[in-house]
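Visitor: Could you have a look at this structure, given as structure tokens, before my questions?
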């Protein structure tokens, strides 16, 4: 009972904060409500007992990525007058939601029909940090090593594109 | 040279050279000459190691235990890897004069080109969805940075941001689709997904169909098929010319490497769901690409728009892949080879002409080039004829095979639309040729140095002509037949049960 | 919702975390709304302007350096690297030397990136070559 209540509270929190994220006028409001979305999603992972995903979500998304976004917002120092005029924002959001809706409905009904719905994921079988480790380092070894190259490439990109900074005071 | 050591070298050498150039670039011992030569020598070594493997149909799983059957090395991947290496080599060689004269080619550029090549090599070998995604991202991320590395130019920065944001957004669809397929099958390996679909009734694989649809959105974005292809014009225009040649000629066929394997490997059974979508996308791509190409005044933008049209022809080929035979697959492979060499050559010549300065090359600036530089103009004419699909060039045979395979598969109207688009394309390609020969020169004759670049322009234009010659014309040196034989071996290798 | 697990050892911690976070966020929102509702609405121009004893007020230059952005990006990249180390450390005994070599390769590649960033001066303040 408690679980279901928690689940619905979290889902409502995710939906509301995501809606604020796309409809907020100021970027800083959007970023702050994005934190709520990410933490609530982390909470959903934790409700399922996926402790590793929970930790990753907090460390990477709520920690590093949000810090990055906030730095960018502070760096750009956007004034209210610089914000774009979006007179049709509500209409646009409504229509684009309606456009994606059919696909979402089909997807949800497909997932509901699939055998996965009945499969429970008890935390002692999967989702724990130990199981994920054995999957990453045995089955997906190649992907794991490739990720380091992907990170390296993005590092090169970040450093070489930031070079222009020497011209800026 | 077939054997495990060679393959390890093929995987390891690009990464090691890239790292070496990267670190060397931070020391005082680095000069552009060293970086360029190291890159080119690496590519030549790879070509030497690989080329022998094209003569047989073979298929092996690389490090079966260690990599969990994720990498497969067959004639299919050999052909594609060779194309990537040759494409990179040609873009760099023809663009040599540009690279040396322009100041935007830093050590990072060379190592990113090699990292991108590494990602593409993996993309051709991968047999599994997750590693395919990471390989695709390695290749694309390097290309994003290569587009934006010219960061004093506003246009390049704009192109970089557009490409990065839209590309990452499109990549997220891939992950969602991957998740759906994994949720249903419990595996990301191609053969296990195919096995799952064989053993289960159609009602249980709808999630795979939905997931595959999302994978296709990403692929269509990357090949610039039309509902998702509007980024091409700005991105190709913003990138510097050798990089544009690299993107248009090499990176595009890398996406087809994974798309074809997906279509033949997994989606063969559920292709009926996708066919209407591919056909619709092909029609849209052909029509809008042709319209866009007609109105451009800048030749670089025109070539970018026409590359959309070429994606349209390839989509016709994809839609006609069927159970009947392997003819459509063969025609796609042939077309990819034809397109790769013609596009790299055409954009390479633009890089050669622009002489290291990033400027708009309009139609007018080519006026009278035919008198001043007869050989260069002849080569440009050959590339344009091949892109337009004129008989006796390799591009003609590519289009011919694509259209006949479409008619064979029952898409006669689609083939007719393709032929119509080819006729329209004559308009904008021949406009370039008419500028070369039918107008007086306006400026002084400019001397383009660098015999090395010129040599490779000539070699690729000869290859374009040679590839268009079949046994019907010259019986002793049939270029087209050699390519057809190779594509035949490639397809044979896909059906070898490897262990 | 059968698979939600209240018996997880960290469950209490996590509930506390989420509730604290929600409470914090709600407090800030309520405080903002309340102060907006209670504040006197005096929009005279001279009252809204910044007071700086005497001289004309000029717009302050942007004090946040773009360097922060690069640091945050580098932090993010190495953060992702560290995330992979948690499962590795937990499974260390199980994986043995094989896992050690795997992780060594992973770290080595990123260490090269680190050396590159260092040599480029990306880690110093305002000194990118």
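Visitor: Is it fair to say residue A:72 is within 29 Å of residue C:74 (Cα to Cα), within 9 Å of chain C (Cβ to nearest Cβ), touching a helix residue (DSSP H, G or I) at 6+ places or on another chain (Cβ under 8 Å) and modelled with pLDDT of 85 or more?
Guide: no
Visitor: Next up: Among the residues of the range B:16-39, is any more than 19 Å from residue B:496 (Cα to Cα), within 25 Å of the chain's Cα centre (by Cα), within 14 Å of chain C (Cβ to nearest Cβ) and surrounded by fewer than 17 Cβ atoms within 10 Å (Cβ to Cβ)?
Guide: Yes, the range B:16-39 contains a residue that is more than 19 Å from residue B:496 (Cα to Cα), within 25 Å of the chain's Cα centre (by Cα), within 14 Å of chain C (Cβ to nearest Cβ) and surrounded by fewer than 17 Cβ atoms within 10 Å (Cβ to Cβ).
Visitor: May I pose another question? For the list (1) surrounded by fewer than 22 Cβ atoms within 10 Å (Cβ to Cβ); (2) closer than 23 Å to residue B:284 by Cα, I need the number of the one condition that residue B:200 fails.
Guide: (2)
Visitor: Does residue A:112 meet the test of being exposed (fewer than 10 other Cβ atoms within 10 Å of the Cβ) and closer than 30 Å to residue C:71 by Cβ?
Guide: no
Visitor: Among B:369, B:397, B:380, B:385, which is the only one that is surrounded by 21 or more Cβ atoms within 10 Å (Cβ to Cβ), within 30 Å of residue B:278 (Cβ to Cβ) and in contact with a helix residue (DSSP H, G or I) (Cβ under 6 Å, 6 or more places away or on another chain)?
Guide: Of the residues listed, the single one that is surrounded by 21 or more Cβ atoms within 10 Å (Cβ to Cβ), within 30 Å of residue B:278 (Cβ to Cβ) and in contact with a helix residue (DSSP H, G or I) (Cβ under 6 Å, 6 or more places away or on another chain) is B:397.
Visitor: From the list A:12, A:62, pick out the single residue that is at pLDDT below 85 and either outside the structural domain of residue A:130 (by TED's automatic domain parsing) or not in a helix (DSSP H, G or I) (or both). Walk me through how you get there before you give the answer.
Guide: Numbers: A:12 fails: at pLDDT below 85.
Of the residues listed, the single one that is at pLDDT below 85 and either outside the structural domain of residue A:130 (by TED's automatic domain parsing) or not in a helix (DSSP H, G or I) (or both) is A:62.
Visitor: Taking the range B:42-92, which residues are more than 21 Å from residue B:130 (Cβ to Cβ) and in a loop (DSSP other than H, G, I, E, B)?
Guide: Selection gives B:56, B:57, B:58.
Visitor: Quick check: anything in the range B:475-483 at pLDDT 75 or above and either touching a strand residue (DSSP E or B) at 6+ places or on another chain (Cβ under 7 Å) or more than 30 Å from residue B:262 (Cα to Cα) (or both)?
Guide: no
Visitor: Which one of these is modelled with pLDDT of 70 or more and buried (at least 17 other Cβ atoms within 10 Å of the Cβ): C:38, C:94, C:74?
Guide: Only one candidate passes the filter, namely C:74.
Visitor: Ok, one more. Assess whether residue B:108 counts as being part of a helix (DSSP H, G or I) and either in contact (Cβ under 8 Å) with a residue 40 or more places away in the chain or surrounded by 24 or more Cβ atoms within 10 Å (Cβ to Cβ) (or both).
Guide: Yes; evaluated as a whole, the condition is true for this residue.
The values are calculated or read from the model by the stated rules, or taken from the named source; none is laboratory data. Here the structure is a predicted model, which is why all the values come from computation and not from measurement. Note that each Cβ is placed from the backbone with ideal geometry, even for glycine, and that neighbours are counted across all protein chains shown.
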